[in-house]
Each structure stands twice: as structure tokens, then as C-alpha cells.
Amino acid sequence: MTADGPHQELPGHSVSDATGVSRRPSGTGAGAALSSAGAWTRFSRSPWFNPLMVTLLVAVGVVYFFMTGGGPRARLQRLAEVYLTQDRWRWLLSGLGSTLVLTLIAAVTGVMIGLVLSVIRMAWRAGAPIPLLNLFAETYVTVVRGTPVTVQLMIIYFGLFADLPVSRVLAAGLAFGINSGAYVAEIFRAGIESVDGGQMEAARSLGLPYLLAMRKVVLPQAFRNVLPTLVNEFITLLKETAVAGYIAVEDLTREANNIRTKTFDIGPLYVTALIYLVLVLLLTLLLRRVERKLREGDRSQVNI
């Protein structure tokens with residue numbers, strides 16, 4: 001206490017207690033800790049957080065790789081033997097191209113099948129007289145989701161396409177698309193059900209036919225709702241193509257295994273895993289960017 005009353009503590013300044021010992025306000029350290037925690041939270045939510053963490057881990061792995069196994073020079077010689085002999089690095093590039101083509105064919109096929117199946121099932125629930133189409137859609141989804149994709153791949157290639165002049169890549173892409181279509185159908189169905197029923201009623205009251213109202217009013221809103229789930233399905237589809245080697249498709253995984261077979265080196269499989277990881281991270285970044293654009297569009301419409 002002083003003549004003027006008790007000490008007034010100023011933020012960030014030391015004060016003396018009754019014993020004369022200098023001390024700092026208790027809130028300063030807590031505030032700094034909260035500020036640091038907030039900064040870390042903002043950084044961890046940044047779209048660049050996962051790529052940066054993965055890059056850091058890969059860098060640590062690369063350093064460990066070159067510092068062990070006889071040193072950097074021995075490692076470089078081994079890498080040259082594995083990848084430069086017979087231009088084996090081109091095998092990985094060729095396999096990567098096949099994997100991307102497979103994924104693209106499967107994604108397009110899956111979206112088309114899933115969209116048709118979901119519209120059929122929703123039309124049936126809305127009262128459309130299409131019992132056979134609805135039965136087909138439900139049977140399709142049940143059978144495809146209930147059997148392994150590898151078995152479906154072999155049945156389609158060795159069975160349905162056995163006597164047809166269809167390339168392995170196209171057959172595998174269609175097989176994965178047929179499998180994905182069942183899951184995409186459920187995704188779109190859930191998205192359509194998430195749209196307020198009044199949207200369809202309002203469109204129909206304006207004289208729009210059911211399919212036109214679905215295409216112009218409901219599906220655009222449903223697509224925005226299911227976009228994250230749909231991209232996750234594409235990511236799963238990308239990784240599922242790794243089993244295309246069962247029908248001798250020279251995809252990324254099979255080419256890496258071919259190199260491993262010739263060199264007795266497991267390194268190509270690590271490289272393949274890293275390539276898949278990079279592709280998934282790129283798709284994830286793309287999804288976040290699209291979601292951010294959609295949110296900005298929603299906010300601008302609200303402001304208007």
C-alpha cells in the first residue's frame with residue numbers, strides 16, 4: 001500500500017509486493033501461451049499444414065537413407081543401379097500414366113452410373129412408376145458393394161470382356177468405375193435427400209418436369225453438399241487401382257514390383273507409396289481450394 005492506495009499493475013511491467021520482491025503479472029505468461037497456442041491452431045488448420053509436415057518427414061527419411069547403408073556414395077551407386085539401368089525409371093513414369101488414366105476412366109464412369117442410379121431410386125421414392133428400374137438399382141448397389149473389387153475386376157476382364165478386343169487399361173477402368181458407381185450412387189442419394197424438399201415442390205409448382213427440376217434445382221445443391229465425400233471417393237478409387245496388376249495392367253504398383261523383382265531392392269515400393277501420397281495430397285489441396293471458393297460464393301450471395 002502507498003499513500004495513493006494499492007499498486008496498479010501495468011501489463012508487461014514488474015511490480016513489487018509487500019515484501020519488496022519484484023514479480024511479473026500472472027496473466028502475462030498465460031497470455032503468451034494462449035497466443036502461441038492460437039497461432040499453432042491457425043497454422044495446423046492451414047491447407048499447407050499437411051503438405052509441410054509430409055515434406056518434413058520425407059526430408060528426414062531421405063537424410064537417414066543417405067547417412068546409413070554405407071554412406072551417401074554407396075547409396076547413390078545403388079540408386080543408379082536400380083533406376084538408371086535399362087531406364088527403369090521410365091517404367092515408373094509409364095505406370096504412373098496408366099494409373100492416372102485408369103482413375104480418370106473409373107471416376108467418369110462411376111459418376112455417370114452413380115448419378116443415374118441415385119435419380120432412379122429417388123424418383124421411385126417420389127412415386128414414379130418404375131419398379132423394375134428401382135429393383136435393378138437396388139440390386140446393383142447391393143451386389144457391387146457386397147463383393148470385393150478384385151473379384152469384380154477379374155470377372156469383368158476374364159469373363160465379360162474375354163472375347164472382345166478391349167485393352168486391359170480400358171477394361172480395368174470400366175471395372176473400377178462399375179464398382180465406384182455403387183458407392184457414388186449412395187453419396188448422391190444422401191446429397192439429394194439433404195436438399196430441402198420444398199426446393200423440388202417449388203420447381204414442380206412452376207411447371208418444371210421432375211427430371212428438369214432435379215437437374216436444374218436439386219442436383220446443383222446436392223453436388224455442393226456431397227463434394228467432400230465425392231473427392232474422398234476419388235481418392236479411394238485412385239488407391240484401389242493398385243490391384244489392376246491382377247489382370248496384368250502395367251500400372252504404377254506393378255511396374256514398381258517389376259523393378260523390385262529384377263533388382264531385389266524394395267526401394268521402388270517406397271517410391272510408389274510416396275507417389276500415391278503426393279497424388280492424394282494434391283487432391284486434398286484441390287478439394288480445400290474448391291470448398292473455399294464455394295464458401296466465398298455463399299457469403300457474397302448472402303451479402304447481396
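The values are calculated or read from the model by the stated rules, or taken from the named source; none is laboratory data. The model shown is predicted, which means the values in this text are computed figures rather than measured ones. Cβ atoms come from the backbone with ideal geometry, glycine included; neighbour counts cover every protein chain shown. What goes into the accessible areas is simple: the full protein's heavy atoms, side chains included, and nothing from ligands, DNA or RNA. Shrake-Rupley method; radii C 1.70, N 1.55, O 1.52, S 1.80 Å.
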Going by the structure shown, is residue 94 under 24 Å from the mean Cα position of the chain (by Cα), assigned to a helix (DSSP H, G or I), modelled with pLDDT of 90 or more and surrounded by 18 or more Cβ atoms within 10 Å (Cβ to Cβ)? no
Working carefully through the options 168, 125, find the one that is among the basic types (Lys, Arg) and at pLDDT 90 or above. 168
Neighbours by Cβ (under 7 Å, 6+ apart or cross-chain): first from segment 99-110, under 15 Å from residue 184 (Cα atoms); second in a helix (DSSP H, G or I) and open to solvent by 20 Å² or more (accessible area, probe 1.4 Å): 105/170; 105/174; 107/234; 109/174; 109/178
Options 202, 185, 190: the member that is open to solvent by less than 40 Å² (accessible area, probe 1.4 Å) and either out of contact with any helix residue (DSSP H, G or I) (no Cβ under 6 Å at 6 or more places or on another chain) or hydrophobic (A, V, I, L, M, F, W, C) (or both): 185
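Residue-wise test of (1) among the β-branched types (Val, Ile, Thr); (2) farther than 30 Å from residue 292 by Cβ; (3) out of contact with any His (no Cβ under 9 Å at 6 or more places or on another chain).
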{"site": "205", "(1), (2), (3)": "no, yes, yes"}
{"site": "230", "(1), (2), (3)": "no, no, yes"}
{"site": "243", "(1), (2), (3)": "yes, yes, yes"}
{"site": "247", "(1), (2), (3)": "yes, yes, yes"}
{"site": "250", "(1), (2), (3)": "no, yes, yes"}
Residues within segment 151-185 that are touching a residue at least 60 places away in the same chain (Cβ under 8 Å) and of a type outside the set (A, V, I, L, M), tallied: 10
Hey, can you tell me all the residues within segment 173-205 that are over 22 Å from residue 137 (Cβ atoms) and outside any helix (DSSP H, G or I)? 196
Restricted to segment 116-150, and to residues that are touching a residue at least 24 places away in the same chain (Cβ under 8 Å) and polar (S, T, N, Q), which residue is least open to solvent (accessible area, probe 1.4 Å)? 118
Are any of the residues in segment 165-173 over 30 Å from the mean Cα position of the chain (by Cα), open to solvent by 40 Å² or more (accessible area, probe 1.4 Å), more than 25 Å from residue 238 (Cβ to Cβ) and not acidic (Asp, Glu)? yes
Search segment 186-199 for residues being among the hydrophobic types (A, V, I, L, M, F, W, C) and free of Cβ contacts under 8 Å to residues at least 60 places away in the same chain, and hand back the single one that is nearest to residue 119 (Cα to Cα). 190
